[in-house]
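Below is one structure, written out as structure tokens, with a few remarks after it.
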Amino acid sequence: MIAHRMTALLSWTYLLILFGFILLPVAVLVLFSFQDGTLPIPPFNGFTFRWYAEVFADDKLMAALRNSLTVAICSSLIACLLGFFAAYGLSRYRLPGSALQRILLMAPMTVSYLIIALGLLVVFNWIGIRLSLWTVGVGHVIINLPLCFAIIYASMGDHQKNTERAARDLGANGFQVMFLITAPMLLPSILAAFFLSLTFSWDEFIISFLLSRFDVTLPVEIWSLLRSGLNPKTNAIGSLVFLLSVALLIMLEMFVFRRRSKP
Amino acid sequence: MTADVSLQKLCKTFDKFRALKEISLEIDAGEFIVLLGPSGCGKSTLLSIIGGFLDATSGKVLVDGKDMTSVPPASRPTTTMFQDYALFPHMTLRDNVGFGLRMRGMGRKDRALKADQFLDMVGMMSSAARKPHELSGGQRQRVALARALAVGPDILLLDEPLGALDMKLRREMQDELKAIQREVGTTFIHVTHDQEEAMAIADRIVVMNGGVIEDCGPPSDIYMRPRSLFSANFMGEVNFIPASVTGEEGQLIVVDTEFGAFSLSTSCFTAGTPSPGQALTLCLRPEQLRPTADKRTSNLLCRAEVVDGVFFGTHFRCHLQPLNASSDTFVAHMSQSSTVSPGDSVDILFDTADIIALPSQKQEQTHAH
């Protein structure tokens with residue numbers, strides 16, 4: 001009995017320490033974004049929304065936030081669409097070297113973002129494309145496509161195959177089958193892929209840093225803020241970034257995982 | 001809304017496995033055909049070829065006289081009802097049934113109207129706005145039927161549609177399928193491995209085994225006058241008695257068995273007149289063996305000991321071991337009121353006209369399955 005209690009106590013302690021380890025830095029970040037003072041370090045002097053007000057008044061930060069959202073949404077949409085096409089093609093048709101094609105599609109996952117960014121930088125320079133949010137978007141599509149492909153491909157099974165057959169039998173052509181039957185049936189995994197891409201793109205720094213020039217995304221803007229020293233304002237914008245990521249996670253949970261648990 | 005089908009020497013080979021071997025069959029417009037056979041006999045392959053989901057290695061499918069070989073499933077006058085129903089999970093029943101009409105360019109209002117009509121026909125009208133996951137197996141099956149019929153196909157292909165239903169529901173749905181088929185007049189080609197289901201619904205049963213058609217005819221013919229040992233065995237319990245042809249006696253053919261010689265009329269030989277000396281297998285159904293003499297069962301087969309008897313409601317099913325013979329036990333259905341008990345000796349009587357005599361050489365092949 002006592003041993004049992006000890007085990008329970010130990011595992012709870014372990015859990016608390018684990019979550020503390022993961023979440024404490026974030027908690028500190030959020031706490032000191034409300035710091036009534038100019039330094040985001042202990043002691044905590046008192047609450048103020050001043051830094052948040054400054055963030056919202058900062059045009060550069062707001063522009064970066066809009067840029068980040070635009071890039072994240074557009075690149076995730078494209079990555080999902082391309083990932084869906086690839087998954088559909090590879091699971092429904094006998095293609096030459098399909099195993100190799102699968103490996104090639106997943107390959108960017110194994111390469112560091114820095115290498116991908118450098119490679120793209122070289123290529124863009126070489127063909128004379130100027131750096132902009134578009135090039136950042138291309139980079140994000142490249143890193144998110146393998147993820148989207150893997151998630152969607154894993155959820156394509158034989159059950160849907162029969163349903164697609166039924167649709168074709170009733171007169172649907174290839175595109176109608178794909179968009180009226182397959183995509184809606186796979187909606188949970190497509191949404192999961194989309195929201196995950198969105199969070200990855202939203203947080204991504206290296207590619208955004210190397211492939212952008214005048215218009216930058218939020219992580220890049222935060223980085224240049226940091227260069228001028230610690231400031232509760234960076235905590236405030238960091239908290240906002242965190243808040244949005246959490247919101248995305250909750251949406252993922254609500255739209256995707258809750259749907260899946262239904263019969 | 002209905003058409004005849006002609007299958008001409010269809011062959012299908014998967015790598016080295018010959019799934020279909022020169023299948024030829026004529027199906028009339030409006031007929032309810034059942035393709036019956038064990039799993040792996042090629043019946044589903046045949047259905048897929050008619051539906052256009054598989055290409056035949058050689059041979060032709062004609063529908064209403066037109067060659068369907070290079071016509072894709074969507075353009076064929078066929079629709080298929082799949083074993084797992086394959087309903088569209090994200091659409092309401094009305095949208096499911098209306099899907100085929102939508103693909104044919106019918107407007108939203110018209111197709112909703114027509115979908116409702118077909119849902120009404122299968123008794124699912126009240127659930128039109130529901131989604132498939134809210135339904136039971138039997139209900140999904142009805143919706144799948146409505147969806148397949150809504151586009152007005154000439155031929156409906158049914159791929160073991162009742163396979164997933166429990167026994168009682170299955171019997172109910174059989175009657176309903178039959179009634180709906182009569183109502184719409186569409187040619188139904190139905191695949192199953194359940195011989196009772198086949199007898200309950202078919203105008204004509206096609207018995208398949210190992211990629212060939214073993215037998216083909218109305219249910220009563222297939223059961224009473226099978227043309228192959230496989231068919232006789234597959235359609236229900238049967239007693240086999242080895243025999244050989246010894247001679248002729250006017251119009252009758254004399255066969256010799258362990259239990260003595262019998263003279264059989266030529267109509268007993270459903271697979272053709274045998275040659276002298278040929279090895280035969282005589283088939284007798286359990287209900288054709290009787291312990292007491294009546295107007296019909298006048299010939300004595302042998303005397304036998306009752307091994308066991310089980311009451312089945314409509315009859316007593318008994319195992320009988322022939323005395324003074326090496327033969328296996330016979331299965332006989334005795335009347336409900338019979339008072340046999342294990343250890344009793346009874347005479348086994350039968351009518352020579354009930355016998356079906358078939359060539360023996362196919363028997364090994366039959367047992368292999």
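Quick note: the coordinates plus some simple rules give every number you see, no bench work behind them. In this text the structure is predicted, and so the values were computed from the model without any measurement. Glycine gets a Cβ as well: all are built from the backbone with ideal geometry, and neighbour counts include every protein chain shown.
Could you say whether any residue in region B:219-233 is assigned to a strand (DSSP E or B) and not aliphatic (A, V, I, L, M)? Let's see the steps before the verdict.
In the first step, residues of region B:219-233 are kept if they are assigned to a strand (DSSP E or B); the result is none.
No, the conditions are met nowhere in region B:219-233.
How many residues are among the hydrophobic types (A, V, I, L, M, F, W, C) and more than 13 Å from chain B (Cβ to nearest Cβ) if we restrict to region A:169-190? Before the answer, list the steps.
If we filter region A:169-190 for residues that are among the hydrophobic types (A, V, I, L, M, F, W, C), which is where we start, we get A:170, A:172, A:175, A:177-181, A:183, A:185-187, A:190.
Filter again for more than 13 Å from chain B (Cβ to nearest Cβ), leaving A:178.
Total meeting the criteria: 1.
Among the residues of region B:335-357, count how many are surrounded by 14 or more Cβ atoms within 10 Å (Cβ to Cβ) and under 19 Å from residue B:241 (Cβ atoms).
11
Given the conditions (1) in contact (Cβ under 8 Å) with a residue 24 or more places away in the chain; (2) closer than 26 Å to residue A:187 by Cα, and given that residue B:76 satisfies all but one, which numbered condition is not satisfied?
If we test residue B:76 against (1) in contact (Cβ under 8 Å) with a residue 24 or more places away in the chain; (2) closer than 26 Å to residue A:187 by Cα, just (2) comes out false.
What residue, among those in region B:75-100 that are of a type in the set (A, V, I, L, M) and buried (at least 24 other Cβ atoms within 10 Å of the Cβ), is farthest from the other protein chains (Cβ to nearest Cβ)?
Only one residue tops the list, namely B:93.
Restricted to region B:101-118, and to residues that are touching a residue at least 12 places away in the same chain (Cβ under 8 Å) and at the interface with chain A (Cβ under 10 Å from one of its Cβ atoms), which residue is surrounded by the fewest Cβ atoms within 10 Å (Cβ to Cβ)?
The selected residue is B:104.
Give the residue that is nearest to the other protein chains (Cβ to nearest Cβ), with candidates limited to residues of region A:119-168 that are assigned to a helix (DSSP H, G or I) and among the hydroxyl-bearing types (Ser, Thr, Tyr).
Keep residues of region A:119-168 that are assigned to a helix (DSSP H, G or I), which gives A:119-127, A:133-154, A:158-168.
Those left that are additionally among the hydroxyl-bearing types (Ser, Thr, Tyr): A:135, A:153, A:163.
Values: A:135: 37, A:153: 20, A:163: 5 Å.
Within region A:119-168, the match that is nearest to the other protein chains (Cβ to nearest Cβ) is A:163.
Going through B:125, B:121 one at a time, which residue ends up being more than 10 Å from every other protein chain (Cβ to nearest Cβ), out of contact with any strand residue (DSSP E or B) (no Cβ under 7 Å at 6 or more places or on another chain), within 24 Å of residue B:175 (Cβ to Cβ) and in contact (Cβ under 8 Å) with a residue 60 or more places away in the chain?
Working: B:125 fails: in contact (Cβ under 8 Å) with a residue 60 or more places away in the chain.
Step by step, each of B:125, B:121 is checked, and only B:121 is more than 10 Å from every other protein chain (Cβ to nearest Cβ), out of contact with any strand residue (DSSP E or B) (no Cβ under 7 Å at 6 or more places or on another chain), within 24 Å of residue B:175 (Cβ to Cβ) and in contact (Cβ under 8 Å) with a residue 60 or more places away in the chain.
Kindly establish whether residue B:131 is over 25 Å from residue B:182 (Cα atoms), more than 14 Å from chain A (Cβ to nearest Cβ) and out of contact with any Gly (no Cβ under 7 Å at 6 or more places or on another chain). Steps first, please.
Details: over 25 Å from residue B:182 (Cα atoms): yes; more than 14 Å from chain A (Cβ to nearest Cβ): no; out of contact with any Gly (no Cβ under 7 Å at 6 or more places or on another chain): yes.
So residue B:131 does not fit the description; no.
Results for (1) assigned to a loop (DSSP other than H, G, I, E, B); (2) under 30 Å from residue A:142 (Cβ atoms), shown as yes or no for each residue.
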site	(1), (2)
A:38	yes, no
A:52	no, no
A:55	no, no
A:61	no, yes
A:65	no, yes
A:70	no, yes
A:73	no, yes
A:76	no, yes
A:81	no, yes
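Find the residue count for region B:55-74, including only residues that are closer than 24 Å to residue A:172 by Cβ, away from chain A (no Cβ under 11 Å) and not polar (S, T, N, Q). Explain how you work it out, then say what you get.
Just the residues of region B:55-74 that are closer than 24 Å to residue A:172 by Cβ, to begin with: B:55-56, B:61, B:63-64, B:66-74.
Narrowing the set further to residues that are away from chain A (no Cβ under 11 Å) leaves B:55-56, B:61, B:63-64, B:66-71.
Next, from what is left, pick out any that are not polar (S, T, N, Q): B:55-56, B:61, B:63-64, B:66-68, B:71.
Qualifying residue count for the region: 9.
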